[in-house]
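The block underneath contains the structure these notes are about, expressed in structure tokens.
The values are calculated or read from the model by the stated rules, or taken from the named source; none is laboratory data. Bear in mind that the values here come from a model prediction, so they are computed numbers and not experimental data. Reconstructed Cβ throughout: ideal geometry from the backbone, glycine too, with neighbour counts over all protein chains shown.
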Amino acid sequence: MGRKLAECLSGRGVIFLRGPLGAGKTTLVRGLLNACGHVGSTKSPTYTIVEPYQVESRKFYHFDLYRIADPEELEYMGFRDYLDEEALCLIEWPEKGADFLPGADLEITLAYEDGARRISFEFENLAWKDKFCQLVGSKLEQVD
């Protein structure tokens with residue numbers, strides 16, 4: 001799925017990744033980065049909070065807010081500076097950032113149901129949604 005997303009996400013933006021521990025949020029980010037041309041490891045930023053990646057001229061910031069105790073911690077780490085750049089910001093555990101985070105261009109929710117993974121999408125960026133729907137067509141049950 002990360003590979004398919006990579007084909008339709010252009011320019012800067014914010015993506016929220018929701019789901020329980022082990023649902024596949026970092027794996028989805030890994031697939032997206034690899035499809036964009038990233039070579040090397042893609043690690044979870046659970047302890048570092050953010051992992052930066054540059055693929056050619058494109059910047060990506062992978063955040064994991066799981067260990068954030070107070071949304072103000074994002075202010076101290078200069079979070080707004082990341083948003084000001086021409087970059088794609090992928091944010092795991094956005095609920096930990098409460099009202100400090102901007103709205104997302106795309107919210108992805110991963111869950112387990114009946115022994116299988118389920119993924120759902122809520123697009124605010126309609127250009128991304130149109131490209132995504134063209135790529136996956138009727139392969140998905142529903143695209144929100």
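Tabulated data
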{"item": "Segment 66-76, residues that are under 19 Å from the mean Cα position of the chain (by Cα) and part of a loop (DSSP other than H, G, I, E, B)", "result": "Tyr66, Arg67, Ile68, Pro71"}
{"item": "Selection from segment 79-102 of residues that are over 21 Å from Pro20 (Cα atoms) and assigned to a loop (DSSP other than H, G, I, E, B)", "result": "Glu85, Glu86, Pro102"}
{"item": "Verdict on Ile68 being out of contact with any Lys or Arg (no Cβ under 8 Å at 6 or more places or on another chain) and surrounded by 13 or more Cβ atoms within 10 Å (Cβ to Cβ)", "result": "no"}
{"item": "Any hit, segment 82-100, residues being farther than 23 Å from Arg30 by Cβ and modelled with pLDDT of 90 or more", "result": "no"}
{"item": "Selection count, segment 69-101, where residues are farther than 25 Å from His38 by Cβ and of a type in the set (A, V, I, L, M, F, W, C)", "result": "3"}
{"item": "Leading residue by the ranking (surrounded by the fewest Cβ atoms within 10 Å (Cβ to Cβ)) among those in segment 30-65 that are assigned to a helix (DSSP H, G or I) and aliphatic (A, V, I, L, M)", "result": "Ala35"}
{"item": "Options Ala98, Ala87, Ala104, Ala127: the member that is surrounded by 12 or more Cβ atoms within 10 Å (Cβ to Cβ), out of contact with any strand residue (DSSP E or B) (no Cβ under 8 Å at 6 or more places or on another chain), closer than 15 Å to Gly13 by Cα and not acidic (Asp, Glu)", "result": "Ala127"}
